[in-house]
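Written out below as structure tokens is the structure these notes cover.
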Amino acid sequence: MEHNLLAQFKDLGAVMVLGLAALGSGSGTGIAGMSAIGVWKKNFSQNKPASFLLVALTAAPLTQTIYGFIVMNKMLSLTIAGQYLWGVGLLSGSAIGLSAYWQGKCAAAACDAMGETGKGFGNYLVVLGMTETVALLVMVFTIVFLGRLAG
């Protein structure tokens with residue numbers, strides 16, 4: 001492969017970590033959002049109040065995009081120095097994105113439970129927090145790893 005062509009892809013790892021994290025955030029938020037809308041529809045059709053707390057549950061997967069952005073910025077400083085970090089971007093971005101996807105599925109279940117009972121919001125947030133912890137750990141460990149690569 002010609003060096004100039006390869007050099008065009010030096011930022012691919014950094015772009016992947018953000019892109020994959022954002023794909024997970026979008027998917028997770030979409031899944032949770034569909035559940036919240038279903039709960040609200042049911043509440044409205046029964047003339048019951050619709051809980052605005054479902055918005056907080058639905059928005060939970062969005063933070064993983066921020067984690068991807070933070071890792072991307074750290075990776076860009078290394079790519080400027082000529083390092084190609086495709087594997088780091090692919091694996092870190094996938095892990096962060098999957099955390100967001102599964103957090104969205106948990107949030108969808110939480111929306112359903114909250115809509116049915118009107119109770120348990122704090123418990124649901126704890127479960128979402130545990131799912132989020134995976135993304136936080138991946139972000140921190142990736143930044144530590146990148147720091148060692150930087151020397």
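Laboratory data are not the source of any read-out in this text; all were calculated from the coordinates shown. Note that the coordinates shown come from a computational prediction; the quantities given were computed from them, not determined experimentally. Every residue, glycine among them, receives a Cβ derived from its backbone with ideal geometry; neighbour counts consider all protein chains shown.
Points to keep in mind about this one:
- Prolate/oblate/rounded label for region 110-151 (Cα gyration tensor, a/c 1.5): prolate
- Relative to the current alpha-carbon distance between Ala50 and Leu62, full extension at 0.36 nm per residue lengthens the span by 2.1 nm.
- Distance between modelled label sites at Glu116 and Arg148, nm, 7 Å Cα→Cβ extension: 4.5 nm
- Across region 93-106, coupling constants 3J(HN,Hα) worked out from phi with the 6.51/-1.76/1.60 Karplus curve, θ = phi - 60°, read x, 5, 5, 5, x, 5, 4, 5, 4, 5, 5, x, 5, 5 Hz, and Gly and Pro carry x.
- The chain: most fluctuating residue of Gly26, Gly97, Gly82 per GNM, C-alpha cutoff 10 Å: Gly82
- Per-residue HN-Hα couplings for region 69-85 [Karplus 6.51, -1.76, 1.60; θ = phi - 60°; Hz; x = Gly/Pro]: 5, 5, 5, 4, 4, 5, 5, 4, 5, 7, 5, 4, 7, x, 8, 9, 10
- Those residues of region 116-131 whose amide nitrogen sits under 20 Å from the label point placed on Asn43, 7 Å along Cα→Cβ: 116-128
- When the chain is treated as a GNM with alpha-carbon contacts under 10 Å, the residue of Ser25, Ser51, Ser92 showing the greatest mean-square fluctuation is Ser51.
- Dipole magnitude of region 23-145 about its Cα centre (Cβ charges: Lys, Arg +1; Asp, Glu -1), debye to nearest 20: 200 debye
- 12 Å beta-carbon shell around Ala32, net charge (K/R +1, D/E -1): 0
- Here the calculated FRET efficiency for Ala7 and Thr133, from their Cβ-Cβ distance with R0 = 35 Å, stands at 0.40, rounded to the nearest 0.05.
- If you count Lys pairs in region 23-145 whose Cα atoms are under 25 Å apart, skipping same-chain pairs closer than 8 places in sequence, the total is 7.
- Candidates Val140, Val39, Val88: whichever shows maximal mean-square fluctuation once the chain is modelled as a Gaussian network with Cα springs under 10 Å: Val140
- Of the residues Met75, Gly13, Thr142, the one whose Cα sits farthest towards the positive end of the charge dipole of the chain is Thr142 (charges of +1 on Lys and Arg Cβ, -1 on Asp and Glu Cβ, taken about the Cα centre).
- Using a cutoff of 8 angstrom between alpha carbon atoms and counting only pairs six or more residues apart, the relative contact order for the chain works out to 37 percent.
- The chain - mean residue ellipticity at 222 nm from DSSP helices (-39,500 (n - 2.57) per run, n ≥ 4, rounded to 500): -29000 deg cm²/dmol
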